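Working notes, beginning with the structure itself.
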Amino acid sequence: MISVLLLNGPNLNMLGKREPEVYGSQTLDDIVGHLEKTMVEEFGGSLTHFQSNHEGDIIDAIHQAMGVHDGIIINPGAFTHYSYAIRDALSSVVLPTIEIHMSNVHAREEFRHHSVIAPIVIGQIVGLGADGYEWALRALVRKIQSSRLG
């Protein structure tokens, strides 16, 4: 059974309220519920979700994933642009990880164009809104399945 950890960083608890013209109207609970259902019904696996506005809590969750989960999907929020601590935590657990952003960060303010996380993940999905989470899940599960086959 495949187990995936979904991590969401600062302000993502405000989805559905915060800038719906940028992030859509779905709440984080809506997105997580859909992913949990997809994980169970289509892949027979499990999804654990954690959201925090605090960098250290996210780092702790990443460390605790080692030996428990098979991969990570992370939307680091603003930590994307400067948290070398989260980058180092992801590198240290050696789990396949996909970085996701609901908006197209490359078409927004200049400071959003750079990710310190991107160089150490297997892929990055940007600009697909809430659907990007599902694409990240599907891609990560396929990567995990193919690595198990040899």
Number of the condition not met by His81 [criteria: (1) free of Cβ contacts under 8 Å to residues at least 40 places away in the same chain; (2) touching an Asp or Glu at 6+ places or on another chain (Cβ under 7 Å)]
(2)
Among the residues of region 48-72, write down those that are under 21 Å from Met102 (Cβ atoms), touching a helix residue (DSSP H, G or I) at 6+ places or on another chain (Cβ under 8 Å) and open to solvent by 20 Å² or more (accessible area, probe 1.4 Å).
His49, Phe50, Gln51, Asn53, Glu55
Which residues, taken from region 109-134, are surrounded by 11 or more Cβ atoms within 10 Å (Cβ to Cβ) and not hydrophobic (A, V, I, L, M, F, W, C)?
Arg112, His113, His114, Ser115, Gly123, Gln124, Gly127, Gly129, Asp131, Gly132, Tyr133, Glu134
What number of residues within region 118-150 satisfy the criterion of being closer than 25 Å to Asp30 by Cα, in a helix (DSSP H, G or I) and of a type in the set (Gly, Ala, Ser)?
3
Matching residues in region 1-46 - criterion: being of a type in the set (Ser, Thr, Tyr) and either under 22 Å from Ile117 (Cα atoms) or outside any loop (DSSP other than H, G, I, E, B) (or both)
Ser3, Tyr23, Thr38, Ser46
Which members of region 80-117 meet the condition of being of a type in the set (D, E, K, R), under 23 Å from Leu28 (Cα atoms) and outside any helix (DSSP H, G or I)?
Glu99, Arg108
What is the one condition in (1) modelled with pLDDT of 95 or more; (2) loosely packed, with under 15 Cβ neighbours inside 10 Å that Leu137 does not satisfy?
(2)
Subset of region 27-46 that is open to solvent by 70 Å² or more (accessible area, probe 1.4 Å) and under 16 Å from the mean Cα position of the chain (by Cα) - its residue that is farthest from Asn104 (Cα to Cα)
Glu36
Given the conditions (1) at pLDDT below 95; (2) farther than 22 Å from Ala139 by Cα; (3) touching a Gly at 6+ places or on another chain (Cβ under 8 Å); (4) open to solvent by 60 Å² or more (accessible area, probe 1.4 Å), every one holds for Ala78 apart from (4)
Residues of region 1-26 being over 25 Å from Glu109 (Cα atoms) and either in contact (Cβ under 8 Å) with a residue 60 or more places away in the chain or under 14 Å from the mean Cα position of the chain (by Cα) (or both), which ones?
Ile2, Ser3, Val4, Leu5, Leu6
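The values are calculated or read from the model by the stated rules, or taken from the named source; none is laboratory data. All values reported here derive from a predicted model rather than from experimental measurement. Neighbour counts run over all protein chains shown; Cβ positions are idealised from the backbone, glycine included. Quick note on the areas: whole protein, heavy atoms, side chains included, nothing else; ligands and nucleic acids left out. Shrake-Rupley method; radii C 1.70, N 1.55, O 1.52, S 1.80 Å.
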